[in-house]
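Read-outs: derived from the displayed coordinates by stated rules, not from any lab. These numbers come from a predicted model, not from an experiment. Heads up, the Cβs are rebuilt from the backbone with ideal geometry, glycines too, and the neighbour counts pull from every protein chain shown.
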C-alpha cells in the first residue's frame, strides 16, 4: 500500500509528540529539540518514506542521524551547560522540594554523562515508550544489545544517584 500525501501528513501529525520527546531526549534542550523535529519533518516531506516503513520508526532514525551529524559538527565546541544549574540561584525551597530538585539535578547530570549509545536506548524506551524490538530496529542493532545497553544505563544511573533496591 502506498502512502498518499494526505495520509503521510496525518501520520506526520500523529508522530510529532513522540518524535519531540525523542528529540528532546537527544538534545536535552527544547529549542534544539524543536529544530531536530522540524528538520526531520522537512526531510520526510522532501524525500518521503518507504511505503513499508513504520513512519515513527523511520522518523526517529532520521532524527537520530541528524543529531549525530550535529554532534559531529560541534565536536570542537564545549558541551552546553545544563539548564538545571540555573536552579541553584533561585530562592531557598522547603527541605523536601530541595531534596527532590537535587535528586533531579543529579539524575539529569548522570543521564548527560551516559555514553551516547546508552542514553539513546534509555531515551527511546523509557521516555519515548518504544518496545525493545522497535528500538533495536530503529538503531539497527540486535534486541539483546538494546537490553544490555538499557541495563547498563539503568545501573549507571542507580549508581550515580546512589539508589539501591
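List of remarks:
- Order of 11, 42, 120 under a 10 Å beta carbon neighbour criterion, fewest first: 42, 11, 120
- Label-point separation, residue 107 to residue 141 (7 Å along Cα→Cβ), nm: 2.3 nm
- Ranked for footprinting exposure by Cβ neighbours inside 10 Å, fewest first, 67, 58 give 58, 67.
- Förster radius 30 Å - calculated FRET efficiency between residue 43 and residue 131, Cβ distance, rounded to 0.05: 0.80
- Extension gain, residue 35 back to residue 73 (0.36 nm per residue minus Cα-Cα distance, nm): 12.2 nm
- With Rh defined as the Kirkwood radius, the inverse of the mean 1/r over Cα pairs, the Rg/Rh of the range 1-80 is 1.02.
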